[in-house]
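Trainee: Shown below is the structure under consideration.
The values are calculated or read from the model by the stated rules, or taken from the named source; none is laboratory data. What you are looking at is a predicted structure, and each value in this text was computed from that prediction instead of being measured. In this analysis, Cβ positions are derived from the backbone assuming ideal geometry, glycine residues included, and neighbour counts consider all displayed protein chains.
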Amino acid sequence: MSNTTIEDKASPIYWQKVSPWALLYFVVHFSVRFVKDGLLNLLPMLVVFVTQVENKLFWAQVAGGIALILLLVYSFLYYLNFKFSISSDNEILLNKGVFKKERLTLKFGRVQNVNIAEPFYFTPVNLVNCIFDAAGSVSQEVVLPGVTKDYAQQMRKQIFDFKAQQQQEAPNTEQSETDTIENSLSISNKEIAKFGLMSNMAILAIAAFAPFINLIIDFLEKQIIAKVEGFYQQELGMLASAAAFAMITLIVLLVVVAVMLSVTMSLIRFYNFELYFKGQKFKRIAGLLERHQLSMSMDKVQSIVIKQNLMGRLLKRFTVECLQASSGGIAAGVAAKKNKQTLVLPVLNSEQVDSVCQWIYPWFNSKKLAFKRAERALLYKNLGFYSLLPSALVFGFCFIADINTLISLGVLVVFSGLVTLSYQRHGYYMHEDNGRFYMVVRKGMIGVHYRVFELYKAQSARSISTYLMRKSGLKSLYIQLASGFAFMPYIKQQDADFIIDFTIKQIESDTRSWM
């Protein structure tokens, strides 16, 4: 990082410039933003270009050259205007922008995490990105690119020392000698590759090609399917079989490409995954192109989500997410998942899940959770709406179209099985440990989803009931968290009322900070 300072004559603030190598960061940053946001807006224009423009290669080269020049010029101007200052009032001040100047102030007290990322292009010059994550806000994240690792660690220490000093008035008397013990977890790249099989990243990537699906199909028919069909026709001697085998080969090829793409994306994100827990803080280091170091205090964890989809069930692996505060409201769960500061443990077996969860919740043991299920009225209602009704509609369609009506029986069996699995997954469990109260809420169908949280971190608790539910003495429980919500349908009215009253009491009586 450059040692030169620029004095602002209007105030006693000394502005600092980042290293010239930070220009690489701005080029990469704006390139990624263009791909993620700009291309989506330009899709109609791209479709017109692909379908209408002649001499596509020439004009694509011209457009690409102009875009590259604009990117480099804008990045250079952004670098020239980018300056920061650490004020004597314990604030991070940042000036940035080209056409729209922006000045951002971030107080030390609002900094939730100080994370260090080491992109591959900074490795030869020993520089990193210092990332200040404001509490519960992705948009207020401040990045100082191209600073030395020593400076980033110094800033982290300075901010955490300031926050610790602020909290000295209310010291945590529950700290013990176990805080000094370091727990660690490493996940092999072979396991990380399994996460690529469990995730839907490849599906999302392939969906981006939807506007060009007709062009892709035409290309595949001319360049691949025709050749494969000719090969099979020569080998099999039957045209119909050759066409069928060609389509099967193409489908298998696309599936393989999608799987390989998902595995590659997983390795880029979680390569050489390392997790440490010491002094009530998590530290995670992972990444191939960018070694990203994420730190998180245990008291900032709002809830832990443990989930397993169909592929995870086959592989006997789970994904664990330690969620921080999000924007709240209806979209809180979505916001929490989009928050890149969420601590994700991509692929763990059941023993590792228990081990990691016990770092935060020592009582946690997935095999000893005695869940209380939803009432059977939920099963009967869902069987009627999601099994009997669809199968009746299928029966009516088959009868009118003179199709075998046994198809409706198959629909009834499949849908009834899925509804029953979903009913059996619903459940909740409450636990008391050393005067603290916790809840685990479970849901799912073929897979399973657990949410573990401490009751005092809830924001609100309420119940929902229909007329028929009230006649049966039932309610559905809804607990809003700063990182999503917990929902338990069709439980007894007295149980729902007790949980709501008890949760609100914990919210109001517990003075511990969780932000």
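Trainee: Which numbered condition trips up Glu375, out of (1) modelled with pLDDT of 90 or more; (2) acidic (Asp, Glu); (3) exposed (fewer than 15 other Cβ atoms within 10 Å of the Cβ)?
Mentor: Result: Glu375 passes all but (3).
Trainee: If you check Ile491 against the conditions, is it under 27 Å from the mean Cα position of the chain (by Cα), β-branched (Val, Ile, Thr) and within 27 Å of Phe318 (Cβ to Cβ)?
Mentor: no
Trainee: Test each condition in (1) free of Cβ contacts under 8 Å to residues at least 12 places away in the same chain; (2) in a helix (DSSP H, G or I); (3) out of contact with any helix residue (DSSP H, G or I) (no Cβ under 7 Å at 6 or more places or on another chain); (4) not assigned by TED's automatic domain parsing to the domain that holds Lys471 for Ala392 and report the one that comes out false.
Mentor: (1) is the only condition that Ala392 fails.
Trainee: I need a count of the residues in the range 443-482 that are in a strand (DSSP E or B) and surrounded by fewer than 20 Cβ atoms within 10 Å (Cβ to Cβ).
Mentor: Number satisfying all stated conditions: 11.
Trainee: Let me ask something additional. Quick check on this structure: which one of Lys157, Lys163, Lys190, Lys194 is assigned to a helix (DSSP H, G or I), modelled with pLDDT under 85 and of a type in the set (D, E, K, R)?
Mentor: Criteria check complete, one pass: Lys163.
Trainee: Residue check: is Thr466 within 24 Å of Cys322 (Cβ to Cβ), more than 25 Å from the chain's Cα centre (by Cα) and in the same structural domain as Glu321 (by TED's automatic domain parsing)?
Mentor: no
Trainee: Shifting gears a bit: Tell me whether the range 274-285 contains one or more residues that are at pLDDT 80 or above and in contact with a His (Cβ under 9 Å, 6 or more places away or on another chain).
Mentor: yes
Trainee: Residues being acidic (Asp, Glu) and closer than 19 Å to Cys322 by Cβ: count how many of those fall in the range 476-515.
Mentor: Number of matching residues: 0.
Trainee: Now, a different point. Quick check on my filter: what residues within the range 424-433 are in contact (Cβ under 8 Å) with a residue 12 or more places away in the chain and either within 28 Å of Ser513 (Cβ to Cβ) or part of a helix (DSSP H, G or I) (or both)?
Mentor: Gln424, Arg425, Tyr428, Tyr429, Met430, His431, Asp433
Trainee: With the structure loaded, tell me whether Ser355 is part of a helix (DSSP H, G or I), under 24 Å from Lys278 (Cα atoms) and at pLDDT 90 or above or whether it fails that test.
Mentor: Against the criterion (part of a helix (DSSP H, G or I), under 24 Å from Lys278 (Cα atoms) and at pLDDT 90 or above), Ser355 qualifies.
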